[in-house]
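Just below is one structure, and these are the notes that go with it.
Read-outs: derived from the displayed coordinates by stated rules, not from any lab. Small disclaimer: the values here were computed from a predicted structure and weren't measured. Cβ coordinates were reconstructed from backbone atoms using ideal geometry, including for glycine residues, and neighbour counts include every protein chain displayed.
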């Protein structure tokens, strides 16, 4: 498996097949006495922007701190939660509990569900 | 066979819209049949590109944007996103303006007054409608554009002259304008958002490998449908406008191409055709932009889900449609926006098509269904040519006015 080819930028799905975003970055543990290993998957936050330029990452963190759910950091998912890597990456987590859907929920609550016909009425 | 509606809606919405009608009408009015080759070239290229994007979706279950983000990473995706979304947004402004112009012809009320109601109707259909409703509704309404074909036939064109114009030739004068219109025609035909829409539609319609033959038919039939209608516009314009020295600088001038063939109701038929064609295009572009963001960032997306179930996706098209209404309310001329955006589309084509060609040759996504040398060669030549034409003609047009 190639980490860049098979993991980075792939779409992440939770155990209910809900889209959680894409793999923005990977956290690796490197030590002198053991092989490097991936410890976490990073989703969103400043990570993808830092891949373009570090200053964009800083701007992204600053903007995210001003608006929305005010969470400027990337969501970290332990590598041990990876179930399968195929067309998408399937994780053994519930998306809402990880923070990956914070923006989705914030926009739904503050904008979309305030517009009639959004479909939230049926749920209630 | 109902899947053919995807081809027709892609064709009517992405091909036959204000851009292709305006550029074809300008070409006919200024250069007669001489630019027919550009429409034919654009159509052929579009058939190949649409077939490829449908094949990619059917085989890999990835949309073009999905695969592009995965294969080329976030930094490249972001560059393409900026280029494509800016141009697609300009085209959306032009399409909403096209509907406004159509209503202006029918009612006499200026197009800026229509900007907000039109945008609201487009948004409402996306908010409440399913993909099937949009697909079938826009296809059915778009059939009114067959009136262009009817008008062209009634003017008894010289088929031998039209056939000869399928081979490119240079005019005696106005070479810069000729190049600019050729670029605009190709830009109007090969809109990248059309590939994004079509591949997303294939995923929405749950295509698999068994759809490969029908995909080929849909791409061929649907895009030929749009191409023939664009050719009909050019022919009608060449026969109705050029002899009278009418150049298409304003929308009502373009409407005159129907009145020679259909004196009583041609003007109104043109308006109705443009309203439906531009309406289909506005829906398609808004969807394509929302799909682009949602797929690129890995959000939930489907026109069949309620807005609260894919809030970020619904938020994107809501904002985009609202923003697109602003220039029209301020009275920005949609014809000018159209002409510029069509030429810019040509200039940005390599940004969308080059990575797409890489994807179509990647065995990870397509296995044995990847491109052959014919598809690669046709698309590469046409893209290179349109890019070179754009680089040469856009500055010439700006300098020469």
Please work out the Cα convex hull volume for the protein assembly as shown and give it in Å³ per residue. 162
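Quick check on the exposure proxy: order B:30, A:109 from fewest to most C-beta atoms within 10 angstrom.
Working: B:30 21, A:109 14.
Result, fewest neighbours first: A:109, B:30.
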Could you tell me how many cubic angstrom of Cα convex hull volume segment A:65-124 has per residue? 124
Which of B:132, B:97, B:201 fluctuates most in a GNM of chain B (C-alpha springs under 10 Å)? That residue is B:132
If you bin every alpha carbon distance in segment A:3-123 into 10 Å steps from zero, what whole percent lands in each bin? 13, 37, 33, 14, 2, 1
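Please report the equivalent ellipsoid semi-axes of segment B:163-206, computed as sqrt(5 x eigenvalue) of the Cα gyration tensor, largest first, in whole Å.
Working: eigenvalues 238, 30, 4 Å².
With the √(5λ) rule applied to segment B:163-206, the semi-axes are 34, 12, 4 Å.
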Computed FRET value (nearest 0.05) for residue A:1 with residue B:86, which takes r as the C-beta separation and R₀ as 30 Å: 0.25
Of B:156, A:40, A:29, B:62, how do they rank once you tally other Cβ atoms within 10 Å and put the fewest first? B:156, A:29, A:40, B:62
Take the eigenvalues of the Cα gyration tensor for segment A:1-59, scale each by 5, and report the square roots as semi-axes in whole Å, largest first. 21, 19, 10
Describe numerically, in nm with one decimal, the distance between label points set 7 Å from Cα along Cα→Cβ at residue A:71 and at residue B:380. 4.6
Within a 10 angstrom radius of each residue's Cβ in B:59-72, how many Cβ atoms of other chains show up on average? Whole number is fine. 2
Per-selection metrics, segment B:111-240 (Cα): Rg and Dmax in Å: 18.6, 53
Plugging the Kirkwood radius over Cα pairs into Stokes-Einstein for segment B:129-197, at a temperature of 20 °C and a viscosity of 1.002 mPa s, what D comes out in µm²/s? 136
What is the helix-to-structure angle for B:18-31, meaning the angle in degrees between its Cα long axis and the longest Cα principal axis of chain B, kept from 0 to 90 and rounded to the nearest 10? 40
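I'd like the mean, over residues of B:302-311, of how many other protein chain beta carbons sit within 10 Å of each residue's own Cβ. Can you show the working numbers first?
Details: counts 0, 0, 0, 1, 8, 9, 13, 8, 5, 14.
Across B:302-311, the average partner-chain Cβ count within 10 Å equals 6.
Tell me the relative contact order for chain B as a rounded percent, counting alpha carbon contacts under 8 Å between residues six or more apart. Write down the numbers at each step before the final one.
Numbers: 670 pairs, mean separation 151.7, N = 401.
Relative contact order here is 38 percent.
Please report, in whole Å³, the volume per residue of the convex hull around the C-alpha atoms of chain B. Walk me through the numbers on the way to the answer.
Values: hull volume 50.5 nm³, N = 401.
Considering the Cα atoms of chain B, their hull volume per residue is 126 Å³.
Which of B:134, B:246 has the fewest other C-beta atoms within 10 Å, and how do the rest follow up to the most? Intermediate values should be presented prior to the final figure.
Numbers: B:134 22, B:246 17.
In order of increasing Cβ crowding within 10 Å: B:246, B:134.
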Using the basic label-point model (7 angstrom from Cα toward the beta carbon), what is the residue A:63 to residue A:17 distance in nanometres? 3.3
Principal-axis tilt of helix B:311-329 within chain B, Cα atoms, nearest 10 degrees: 20
Quick check: the angle from helix A:54-66's long axis to the longest principal axis of chain A, C-alpha only, nearest 10 degrees? 30
